[in-house]
Amino acid sequence: MHAAQADCGSFQLAFYELGALYFKTPQGGYAGIDKDVVDELSKRSGCQFQTVLESRVRIWHQMSQQTLDVTVSGIATPEREKFARFIPYFTTRNFLLLSSSAPARAHSPEGFLSEPNLRVAVVKSFRHGALYDTWLAKLREQNRVEEAADFDSVVRLFMAKRVDAFLALPTSLEPLRRKELANSFIVLDWAPSEEVRHGLVLSRNRVSLPAMELMRREIRNMHDDGTLEKIFARYVGAEQAKHLLLKTTE
């Protein structure tokens, strides 16, 4: 462990609140998939993480400016790969949560686009996969997208009826189903074949290659020995946990 610590070092890591990934407990602490993955990674690798809570917008700005070392559950894009390296640890896809009062024709991407009064809310700077990002680009051209700083703000926009739909991952969906708004939306799976890989995001300038390789190796070990699946199951149940597992860790 001491050798690993010497190789790895100490890094500032930013969490962001989102569903079962990272959330405040009734006792005032924090829990979630991302926290447990980081805690286990630190234990195995010897890497030390000084953690902060930030908005997703500020996290990506800091990563692009090379003022932050590490963040969690990020999605790789060509733009982001210019300043960061990614170590995937789960895969998922977005679902559209549509108001129960929306017209039936809005149940498809094209139908929603054809209803000019319908609006959608997203978290600013999030990526949602090829189908949804293309669809959102068309809606943005018509000024039909509300962008909020975080997922809770997106949900509030929906509850206030300022938008008719929003996007959510399964890790955010389960908590919503237990809330009073559960009957106010239907869940649409428009991209069943898409898999969006989420991973640890490491600054290219601030995290050395040896440290990155050490973290990659330990994440792979956590996948192979079943630790990641156990962490997922803790928060989303055994069935959904299987869907979050990467088919390959390469």
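The values are calculated or read from the model by the stated rules, or taken from the named source; none is laboratory data. This structure is a prediction, so every number in the text was calculated from the model and none was measured. Note that we place each Cβ from the backbone using ideal geometry, even for glycine, and neighbour counts take in every protein chain shown. Just so you know, the surface numbers come from the protein's heavy atoms only, side chains and all, with ligands and any DNA or RNA stripped out. Shrake-Rupley method; radii C 1.70, N 1.55, O 1.52, S 1.80 Å.
Taking the average, over residues, of other Cβ atoms within 10 Å as the packing measure, peptides 82-88, 26-32 rank 82-88, 26-32 from highest down. How would you classify segment 85-187 from its alpha-carbon gyration tensor, with a ≥ b ≥ c the square roots of the eigenvalues: rounded for a/c under 1.5, else prolate if a/b is greater than b/c, otherwise oblate? It is oblate, given that a/c is not under 1.5 and a/b is not larger than b/c.
Computed packing ranks the peptides 38-47, 222-231 as 38-47, 222-231, most packed first, by mean other Cβ atoms within 10 Å. Calculated mean residue ellipticity at 222 nm for the chain: -11000 deg cm²/dmol, from DSSP H runs with n ≥ 4 weighted as -39500 (n - 2.57), summed, divided by the residue count and rounded to 500. Of the peptides 208-217, 89-98, the order by per-residue mean of other Cβ atoms within 10 Å, starting with the highest, comes out as 89-98, 208-217. The magnitude of the dipole of the chain, with charges of +1 and -1 set on the Cβ of Lys/Arg and Asp/Glu and taken from the Cα centre, is near 320 debye.
Shape descriptor for segment 27-95: Rg over Rh equals 0.96 (Cα atoms; Rh from the Kirkwood inverse mean 1/r).
Computing FRET efficiency as 1/(1 + (r/R0)^6) for Phe83 and Arg105, where r is the C-beta to C-beta distance and R0 is 30 Å, gives about 0.10.
In the structure shown, the pairs Lys82/Lys247; Lys82/Lys138; Lys24/Lys138; Lys35/Lys161; Lys161/Lys247 are assessed against 31 Å; a Cα-Cα span above that value is assigned to Lys24/Lys138; Lys35/Lys161; Lys161/Lys247.
Only one residue of Phe126, Pro116, Leu188 has its Cα farthest out toward the positive end of the dipole of the chain, where Lys and Arg carry +1 and Asp and Glu -1 on Cβ, and that residue is Pro116. State the Cα centre-to-centre distance between segment 102-144 and segment 51-71 in whole Å. Between the Cα centres of segment 102-144 and segment 51-71 lies a distance of 27 Å. Of the solvent-accessible surface of the chain, computed with a 1.4 Å probe and all protein chains present, 49% belongs to carbon and sulfur.
Between Lys161 and Lys43, the contour length at 0.36 nm per residue exceeds the Cα-Cα span by 38.0 nm.
Both the radius of gyration and Dmax for the chain are 18.6, 61 Å, in that order, over alpha-carbon atoms.
For the chain, the solvent-accessible area of protein heavy atoms averages 47 Å² per residue (probe radius 1.4 Å; ligands and nucleic acids excluded).
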